[in-house]
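Following: one structure in structure tokens, then a few remarks.
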Amino acid sequence: MSFSWAKPYEPKHPMMRWLDDRLPLPRLVYGAIGGGYPVPRNLNYWWNFGVLAGLFLTIQIVTGITLAMWYYATTGGAFDSVEHIMRDVNGGWLIRYVHMNGASFFFLVTYIHIFRGLYYGSYKAPRELVWMLGLVIYLLMMATAFMGYVLPWGQMSYWGAQVITNFFSAIPVIGEPLRVWILGGYAPDQAALTRFFSLHYLLPFVIAGVVILHIWALHIPGSNNPTGVDVKDERDTLPFHPFYTAKDGWFAAAFLLFFAIVVFFAPNWLGNPDNYIPANNLSTPAEIVPEWYLLPFYAILRSFTADFILPAKLWGVIAMFSSILLLFFLPWLDKSPVRSGNYRPVFKRFFWILVVDVLVLGWVGGQPVKPLTVAVGQIAATYYFLHFLVILPLVSKFETPLPLPNSISESVLHGEEQESAPAGSGRPGVTTVAG
Amino acid sequence: MFVRGLKYLIGLGFAFVLLLALFTGIAGYVKNPPVPLPQDEFHKDPKPLHLASDGPFGKFDNRQVQRGLQVYSEVCKACHSLKLVAFYDLKQIGYDDAEVKAFASQWQVPDINPDTGEASTRKGLPSDHFPSPFANDVAARAANNNALPPDLSDIVKAREGGAAYVYSILTGYQNQPTALLQKFPTAKTPPNLHYNPYFASLNIAMPQMLHGGEVTYADGTPNTADQEAKDVAAFLVWTSQPDLNRRHAAGIAVAVFLAFAAILGFLAYHQLWDEAKRSVRLAGPLDPENQAKRTRATRKAGVKG
């Protein structure tokens, strides 16, 4: 831990001392989530979504393992086994709907978490690796979600697998053999379903492993905060437990309420009706649409409609992968020393344009291919690339940032004078800031 | 220097290819404007349908669902299977064991003759699923002008618009509008197909099955086409989501529990943070001194807002 005032673990119970002397597991847990992790005291609610992402990963793993006890990964039996889970297995409908909507909510909280990082500059030194490990988690999530969507073997599962694996055939020379190798055949079939199930079961545990690295790397410099100013001394922080566990706890309950409303009252709202039709390789659906969380990238893929040196399809695939990979370079694309968007007036505007731009891309990705929507998608995709590769580097060069507070608690001290309430009587671990 | 410039090069490169695609698209659009299709203009969204199962407090109206079962059993089952539903499931819509047994025994289900090993049929048992009207898809197509009547078990979940879509299709048959034929003279509904503006391609293979009077309801409900369509739509909501009653009831309980947990958690959080907050003005940017500094700097930087 980087902060000298982080209180080391002191076992209270003799049993724990005995264990800690031999295997410092309690120390590890304490250091990771307990009082041993000092957190800036000024975090706002956008900082709650990392914990929520961890919560949804757990929900997905638990419900997923349960579903796997009833699911058959066979082309003839997959669809019916999912229906069997929904109709005949006790509580099966609940587990299945939680897993199905849990994927969407996992992405929702992850997107909020990513955009929070973008706004407050959480990708900048010294947190570059935290950011990059987060992107690795995000890529693994996309792969896992895609393979999970194939498992019910409905129409959209089958044709989604067909479209996504087709990307690989755009690669020159090795493309087609690579596609056949990935699928284990010329089209999605039993071999593909079996391996997707195998990988869909494996990858969440890989994600959990990278999550541990993500948090480990975070705990070296500690959390960023809304001012983006570094923590200077103990007055700037509070121990994670109990302060942030309490804040995360009530917010998680509130967010799960929102999740429950969708699961119980609109469980198929985010899904595609076509996936309740069993897969049929002779009947292509009118529109092949991925799940909502992949739509912005689908829109980028489909925006490349003209050949230029390379075929349009290859451009689309390159651009789609680049649109995510370029985020790995973000710490070096945005060189402004100021982290928080609150103190960067020009950056702030472009940030909100980017948010709208990504929403527009998502909308376009879900629409049927029509000249107008394709044109809107092309403009939005152009902005996406210009934002990260041209606008951000230039803004960070020419922008005059607003003056930063000298420290987190300085921005706090001026506020204290306005507050007539007396300072508290001094809870252990809370430093009362006297004016 | 080259590496530094690389980002601009890549960014502008993507932008160039995209704008090229945009202009190619616009040029193509101007040169060959897309041909309008009849369905762009004449396709209709489903008519509104209100069922007892709607909304978070919705529950099946068992009498209506039972009437829908009667419509399915006397009309739809001639062509449409209901593979995912078992006879014993009917206990969920208000039948008792004896009624389910009697109902199942009215159906012939495929079996193997235990003496000869040849394919045969026997009376249905409560544990059987609804038998399909055709032996396989090829037989189904052969009997229906090469159209395949879809299985109805999941139909409400498998169609955009759900129950309202089913109801609209069943009651939406009409003559092809003359305005359509004037505008698209080649779009006349082909023989063996039937004009229905609620169907995606406007021409559906299924003929109009409900004209009113197909079934006689034991409870005296008028057997108009509209009523029959509503009842069978309600029945198909149940076949698609037999969990709906339990789901809604559990949902209310879970929502109340989580709301309670969130409120308690919020109060605990407030009590805990009260002291820490008193010594901390959380929002640095809201601090008047910082605000004044920012206003000055903003003016200096020449940025509005």
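Quick look at the numbers
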{"item": "Residue within the stretch A:222-233 that is closer than 13 Å to residue A:136 by Cα and under 20 Å from the mean Cα position of the chain (by Cα) present", "result": "no"}
{"item": "Among (1) more than 8 Å from every other protein chain (Cβ to nearest Cβ); (2) crowded, with 17+ Cβ neighbours inside 10 Å; (3) in contact with an Asp or Glu (Cβ under 9 Å, 6 or more places away or on another chain), the one test that residue A:300 misses", "result": "(3)"}
{"item": "Breaking point among (1) within 30 Å of residue A:88 (Cβ to Cβ); (2) surrounded by fewer than 17 Cβ atoms within 10 Å (Cβ to Cβ); (3) under 27 Å from the mean Cα position of the chain (by Cα); (4) among the β-branched types (Val, Ile, Thr), for residue B:224", "result": "(1)"}
{"item": "Every residue from the stretch A:328-343 that is closer than 14 Å to residue A:391 by Cα, within 12 Å of chain B (Cβ to nearest Cβ) and more than 22 Å from the chain's Cα centre (by Cα)", "result": "A:335"}
{"item": "Test: residue in the stretch B:62-75 that is closer than 30 Å to residue A:322 by Cα and either surrounded by fewer than 16 Cβ atoms within 10 Å (Cβ to Cβ) or more than 10 Å from chain A (Cβ to nearest Cβ) (or both)", "result": "no"}
{"item": "Per-region count, the stretch A:78-119, residues more than 16 Å from the chain's Cα centre (by Cα) and not β-branched (Val, Ile, Thr)", "result": "18"}
{"item": "Matching entry among B:186, B:171 (being without any contact (Cβ under 8 Å) to a residue 40 or more places away in the chain and away from chain A (no Cβ under 14 Å))", "result": "B:186"}
{"item": "Evaluation of residue A:339 against (1) assigned to a helix (DSSP H, G or I); (2) of a type in the set (Lys, Arg); (3) under 17 Å from residue A:115 (Cα atoms) (one fails), failing number", "result": "(1)"}
{"item": "Qualifying residue in the stretch A:358-370 (condition: surrounded by fewer than 18 Cβ atoms within 10 Å (Cβ to Cβ), at pLDDT below 95 and within 10 Å of chain B (Cβ to nearest Cβ))", "result": "yes"}
{"item": "Some residue of the stretch A:157-166 being in contact (Cβ under 8 Å) with a residue 60 or more places away in the chain, assigned to a loop (DSSP other than H, G, I, E, B) and buried (at least 22 other Cβ atoms within 10 Å of the Cβ)", "result": "no"}
{"item": "Per-region count, the stretch A:223-254, residues aromatic (Phe, Trp, Tyr), more than 7 Å from chain B (Cβ to nearest Cβ) and either buried (at least 22 other Cβ atoms within 10 Å of the Cβ) or within 30 Å of residue A:337 (Cα to Cα) (or both)", "result": "2"}
{"item": "The listed residue being modelled with pLDDT of 95 or more, crowded, with 17+ Cβ neighbours inside 10 Å, under 25 Å from the mean Cα position of the chain (by Cα) and within 8 Å of another protein chain (Cβ to nearest Cβ), out of A:386, A:354", "result": "A:386"}
{"item": "Residue check for residue B:109: in contact with a Ser or Thr (Cβ under 9 Å, 6 or more places away or on another chain), touching a residue at least 12 places away in the same chain (Cβ under 8 Å) and aliphatic (A, V, I, L, M)", "result": "yes"}
{"item": "Tally of residues being surrounded by fewer than 17 Cβ atoms within 10 Å (Cβ to Cβ) and touching a Ser or Thr at 6+ places or on another chain (Cβ under 9 Å) across the stretch A:188-201", "result": "4"}
{"item": "Members of the stretch B:146-190 found to be among the basic types (Lys, Arg), assigned to a loop (DSSP other than H, G, I, E, B) and more than 18 Å from residue B:240 (Cα to Cα), listed by number", "result": "B:188"}
{"item": "Test: residue in the stretch B:235-254 that is free of Cβ contacts under 8 Å to residues at least 60 places away in the same chain and exposed (fewer than 13 other Cβ atoms within 10 Å of the Cβ)", "result": "yes"}
{"item": "Those residues of the stretch B:29-65 which are more than 19 Å from the chain's Cα centre (by Cα), touching a residue at least 60 places away in the same chain (Cβ under 8 Å) and not in a loop (DSSP other than H, G, I, E, B), in sequence order", "result": "B:38, B:39, B:41, B:42, B:63, B:64"}
{"item": "Subset of the stretch B:191-225 [touching a Phe, Trp or Tyr at 6+ places or on another chain (Cβ under 8 Å), closer than 17 Å to residue B:44 by Cα and either part of a loop (DSSP other than H, G, I, E, B) or in contact (Cβ under 8 Å) with a residue 40 or more places away in the chain (or both)]", "result": "B:196, B:197, B:198, B:202"}
{"item": "Of all residues making up the stretch A:67-82, the number that are within 29 Å of residue B:254 (Cα to Cα) and surrounded by fewer than 19 Cβ atoms within 10 Å (Cβ to Cβ)", "result": "4"}
{"item": "Answer from A:193, A:218 - the residue that is assigned to a helix (DSSP H, G or I), among the aliphatic types (A, V, I, L, M) and under 25 Å from the mean Cα position of the chain (by Cα)", "result": "A:218"}
{"item": "Selection count, the stretch B:66-98, where residues are closer than 18 Å to residue B:215 by Cβ and not in a loop (DSSP other than H, G, I, E, B)", "result": "14"}
{"item": "Residue satisfying all of: in the stretch A:303-315; part of a helix (DSSP H, G or I) and of a type outside the set (A, V, I, L, M, F, W, C); surrounded by the most Cβ atoms within 10 Å (Cβ to Cβ) among these", "result": "A:303"}
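The values are calculated or read from the model by the stated rules, or taken from the named source; none is laboratory data. Keep in mind the model is a prediction, meaning the values are calculated, not measured. Here the Cβ is made from the backbone with ideal geometry for all residues, glycine too, and neighbour counts use every protein chain on show.
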